[in-house]
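So the structure is just underneath, and the comments pick up after that.
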Amino acid sequence: MRNRAASTYIVLRKEDKCTKCRACVEQCTYGVHSYNPAKNVIESKSWLCSNCLRCVEFCPTGALTITRNPNSYRMGHHWNHEAIMDVKRQAETGSALLEGMGCDGPNLTYWDRLLLNACQVTNPPIDPIREPIETRVILGRRPPRVELKPENRRLMLKNELAPYICAETPILLAAMSYGAVNLRVQEAMARAAIECGTYFNCGEGGLHPELRRYGSHIIVQVASGRFGVDIEYLNSGVAVEIKIGQGAKPGIGGHLPGEKVTEDIAMVRMIPKGTDALSPAPHHDVYSIEDLRQLIYALKEATEYKKPVAVKIAAVHNAAAIASGIARAGADIIVLDGVRGSTGAAPKAIRDNMGIPIELALAAVDRRLREEGIRSEVSIIASGGIRSGADVVKAIALGADAVYIGTAALIALGCTLCKMCYTGRCAWGIATTDAELSKRLNLEEGCRRVANLIKAWTMEIKEMMGAMGIDTIEALRGNRELLRGVGLTEGELRVLGIKVAGE
Amino acid sequence: MDWASRKNKFSSSNTLARQPANPQKIGTQCRGHHRRTRRSPDEITMFQHKDQRTASRICEKSISSCALFGLINLERRRVTCNEALRAISCMSERGNGLGAGFAGYGIYPHFTDAYALHVMYLDDKAKRKVEKVLMRDFQVLLGEEIPTRRARSTLHAPAFWRYFLEPARSKLQEEEASPDEYVVSRVMKINGEVEGAYILSSGKDVGVFKGVGFPRDLAEFFRLEEYRGYMWICHARFPTNTVGWWGGAHPFNLLDLSVAHNGELSSYDVNRRYLEMWGYKCVMHTDSEVISYALDLLLRRHAIPMDLALAVLAPPYWDEIDSMKCEDRDLLTALRRVYGELAMIGPFSIIAARHGEMIGFVDRKKLRPLVGGVRGEFFYLSSEESAIRLISPTLDNVVRPRAGEAVIARCEAPRAVAMLSTLNQKEV
Amino acid sequence: MDLRESLEPRGRLQVDGNVALLDATGLHYRELNALMRRLSAEGVENVELHNVNGQRYIGTGLKRPMNIIVRGTPGNDLGMFINGQRIFVYGNAQDGCGNTMNDGLIVVHGSVGDVAGYAMRGGRIFVRDDAGFRLGIHMKEYGGKKPIIVVGGGAGDFLGEYMAGGLILVLGLKEEKNECVHSPKFVGVGMHGGVIYMRGCTIHAGKNVLVEGVEDEDLKLIRSLVEDYFNHFNLDLRVNDFISDEFVKVTPSTSRPYMGLYR
Ligand code: SF4
Ligand code: SF4
């Protein structure tokens, strides 16, 4: 049973416009279009279409339209089209469903229900075009106080401060491993990071020798699979991030299917070619918080205490308590990844049902750390579903030091959110390691677009800060007074620590 | 047992109190000004209860703009506040009668070694509670109602009492705290927990008098003509959000540090939440309160010198820091990194005072006005030069702190008026 | 004060040419490891540590080859990330021994705790006595590198979990006797590379693994490793006592254990 009747999308081709150039046949990576020489027509298998729009973009005559199939299953609220489709898919394959990108469930976006304050009379807004507005953030552990000692008739710092990294904008590029994406994507990100004075996280798949020259703007990740992790790798970036979990798939590991483990990827990950690259669900040397401390300090020893160590967790119900434990375990930076966080491949059930929205988790973590008096000692990076400069501002006002963006950066590169990443056949040459497909991405262009995005958002952030009369990012961090909520329940307002609009 | 009889008990058992204390004031009987235990509904909004204000953990902040004036005699010669009052009153355009206050230094020469607590009570229950704490934790040398007289616009004044006290020695040893630390912890506790009671000032030989009204009304109400001090800080307020309430007026005080400020901090909530991590309870919901606590944390608890404390409150731009020489850059980076959340962002001018020291500074964009003037042994700070000229038409020198810069006047050797910028001091 | 300057006069640190002798009593691991890195940078290639008790990460972060003798009980993550250094422990090692080790040698005259050789990529670990749970999980081999763990005694459950390469040999010896002392469960669950040899025990293996007898090839390999084992621990050479049918060989049935689980 192919479920053709109710395929989600249908391909409409205006035959009078089609010149049979076969661009669509070449561009589609899912085998939708094919040329039938007997009839001299292009035929399309709509049920294979994921609406990635690659063919539409490349059709020279504009003959193609992809649209939602009007032949949907009978519209229900509970048993909606997607639910029925999923059941049919599973009945066919007997497999758990896998999908790419992040959870897109309704009602989970709190950003839209948060509004920002602006200056009127009592204090002046600042014009970001003419006056300095500082978006530099310093990430790393901070001592509770500065201690000074007199030396040579002046005051000097008594103790050297813990290592830190300094980003010129609060926007960092989230972890994307070589394997999940190809080398061009990673290089575009790394170069954009350098251009914008920020950082790119290379993910858990090791760091390609080609990219090591960008080390000054790379954060290296250590996950349970320990792919490509050796002393040299740990020291090749500016910071080390331990990935305990990620928002798209909290509590489970990951695996890069063997067909994606090419020669080059095998080399970077330091595993044999063609084998499944498995990341176990837990780090097997971290079964509890004191073990985490052990791993944190192992990484500090390995980097001679010269690099900050971050710990990334998925935002789960008791994220606040966990974050407090992480801070006390010696982490310099805590990364919180909300339910909207994306991935190259995750079981759909887990992606859509596990974890909580970043807004709530962030607010809870910030409050908890403050109650314990340790908020200012660690930095917090929020991630998972940040779509605009406004989201960044709101995240910082809720208590983040900075944010990671992943999906948005990929969209800048050309991603159309078709969610087919798990197939490794990304038509836009992003979530694929196929040598031919990778060429679809132009490195220079990609780098320029990602850098543009960061610059544009940074400008937006400055404008919003200016309108709020704030000229340092520190004065925005945790400034809940600047936020008001609309359409939120008492409970949500309480967790977010904000007042309702009008109050 | 009511307080009056207790007071008598102290008087009879305490040598200090038995002397005619301050010949000007202390010991005079309470005037029994208009005071009721039950209040009308409109008054209740005026004296918003702190648990109402803090119940949701999200505090309403009082916004204000205003006039500032400060005066110091560098020889520590004590004067009445009359000149300061004239000066602040001449800036009445900047205030609207919804709040004013005075901090006097050197006004209690007979109790220079005792902590002077000025406490505002909204009802008798609060008073009983506070006095219980004071009796338990302190040796109270003298407790009395602050003498007041009726004045225009001060009809609904709460009650004001003052206590001269020393920390109970045994408890102090038990807690292994410094006396200052000990007093601060009690102030925080009372201000944070006792409903209807606010400690307005808690330093030695310092007193804050403030409330709702124009400066002149408040001076009359508190009979300020009867005090003499070598330094006076005054403030007239133009609150923009709610009816003024007595506790929300300036100056704000903790120990011998008093702060009056003009402007509004956009960073208020960040500053407040940072300070709360250090145990400060921001119950007054004013910018001056967080500025005071920030200065207290930096200067007293973290032993940061004044010029660097300024670099925290009005931080140099990163560009400036980046171009400094190595050690300075490290130091300033460290300060900004550690105390980034204490940066006061938004327009402000501030007059801060400690014994023997008055300092004025403005935000790093210089959005609010502040001028200083020197004449002989007097140094003045004001929102407007005209106010200084009113009481001293000729001045030896006029100084105007630039963005992020401070002007500081010190009585102690080397006695000086100086411009202070980060890592730099220049006498004027 | 500098640690070295404070230890040397008291005789707790003696440096002679490229050899150093250090009394580790009371040193924090951070001090100890920093000192070792400094000694290494100054050309010391042999370090003997006395009175080690609980100091973690010994050997981690060294940039040059070094032979390290550890007397006492080293702390967790002994030799984590090491890259060619050689560590000889006279005593028991705790958890995480040889964690994510890249190359080198760890010889433990005693037992090791749990998760020894986690994510190990190269080098060898010899354990005279027993290993704890989760021995050699997620070991992988790559290029010319092939990690090897030889355990004289028994090993706990889940050995070789997720194993992606390398070799684990568990001899199951009990002192003086050749009897089998172990019966680990879930051997090689999720295994998709490498090989585990076990002597004389019933195998409770995971899915996706093959359990077979050993061939002559295997036995040759086992022999040479057993020889190494006996040499390291100065035991009587009784390699010939081992006969092929005492051994079983565990290998993955697929290098793609997760294929087909998701669609
Ligand atoms: S790309 Fe457009 S014109 Fe070319 S074959 Fe496809 S539908 Fe026809
Ligand atoms: S990365 Fe490629 S496959 Fe994944 S959602 Fe974007 S366009 Fe589709």
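Tabulated results
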| read-out | value |
| --- | --- |
| Subset of the range B:262-294 that is among the polar types (S, T, N, Q) and in contact with a strand residue (DSSP E or B) (Cβ under 7 Å, 6 or more places away or on another chain) - its residue that is nearest to the other protein chains (Cβ to nearest Cβ) | B:ASN262 |
| Residue selected from the range A:297-343 under the condition within 18 Å of A:TYR199 (Cα to Cα) and within 14 Å of chain C (Cβ to nearest Cβ), by the criterion least open to solvent (accessible area, probe 1.4 Å) | A:VAL309 |
| Spans of strands (runs of 3 or more DSSP E) in the range C:52-166 with at least 3 residues open to solvent by 10 Å² or more (accessible area, probe 1.4 Å) and free of Cβ contacts under 8 Å to residues at least 24 places away in the same chain | C:67-73, C:83-90 |
| So B:VAL338, is it aliphatic (A, V, I, L, M), within 8 Å of chain A (Cβ to nearest Cβ) and not in a loop (DSSP other than H, G, I, E, B) | yes |
| Test for A:ARG68: is it away from chain C (no Cβ under 14 Å), farther than 21 Å from A:GLY414 by Cβ and either within 12 Å of ligand 1 (Cβ to nearest atom) or open to solvent by less than 90 Å² (accessible area, probe 1.4 Å) (or both) | no |
| Among (1) in contact with a Lys or Arg (Cβ under 9 Å, 6 or more places away or on another chain); (2) open to solvent by 10 Å² or more (accessible area, probe 1.4 Å) - the single one B:PRO347 does not satisfy | (2) |
| Condition check for A:LYS88: within 16 Å of ligand 1 (Cβ to nearest atom) and more than 24 Å from A:ALA427 (Cα to Cα) | no |
| A:ARG74 being more than 16 Å from ligand 2 (Cβ to nearest atom) and either touching a residue at least 40 places away in the same chain (Cβ under 8 Å) or in contact with a strand residue (DSSP E or B) (Cβ under 6 Å, 6 or more places away or on another chain) (or both) | no |
| Flag if A:CYS18 is in contact with a helix residue (DSSP H, G or I) (Cβ under 6 Å, 6 or more places away or on another chain), away from chain C (no Cβ under 14 Å) and either within 13 Å of ligand 1 (Cβ to nearest atom) or in a helix (DSSP H, G or I) (or both) | no |
| Residue within the range A:95-116 that is within 16 Å of ligand 2 (Cβ to nearest atom), open to solvent by 60 Å² or more (accessible area, probe 1.4 Å) and modelled with pLDDT of 90 or more present | no |
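Yes/no matrix, rows are residues, columns are (1) surrounded by fewer than 20 Cβ atoms within 10 Å (Cβ to Cβ); (2) more than 16 Å from ligand 2 (Cβ to nearest atom); (3) of a type in the set (A, V, I, L, M):
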{"site": "A:LEU437", "(1), (2), (3)": "yes, no, yes"}
{"site": "A:ASN442", "(1), (2), (3)": "yes, no, no"}
{"site": "A:ARG449", "(1), (2), (3)": "yes, no, no"}
{"site": "A:MET465", "(1), (2), (3)": "no, yes, yes"}
{"site": "A:LEU476", "(1), (2), (3)": "no, yes, yes"}
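Conditions (1) over 30 Å from A:ARG328 (Cβ atoms); (2) buried (at least 24 other Cβ atoms within 10 Å of the Cβ); (3) within 20 Å of the chain's Cα centre (by Cα); (4) not assigned by TED's automatic domain parsing to the domain that holds A:ARG375, marked per residue:
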site: A:ARG184; (1), (2), (3), (4): yes, no, yes, no
site: A:GLY197; (1), (2), (3), (4): yes, no, yes, no
site: A:ARG213; (1), (2), (3), (4): yes, no, no, no
site: A:ASP230; (1), (2), (3), (4): no, no, no, no
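The values are calculated or read from the model by the stated rules, or taken from the named source; none is laboratory data. For clarity, every value in this text was computed on a predicted model and none was experimentally measured. Using ideal geometry, Cβ is built from the backbone for each residue, glycine included, and neighbour counts are taken over all protein chains shown. SASA here: full protein model, heavy atoms, side chains in, ligands and nucleic acids out. Shrake-Rupley method; radii C 1.70, N 1.55, O 1.52, S 1.80 Å.
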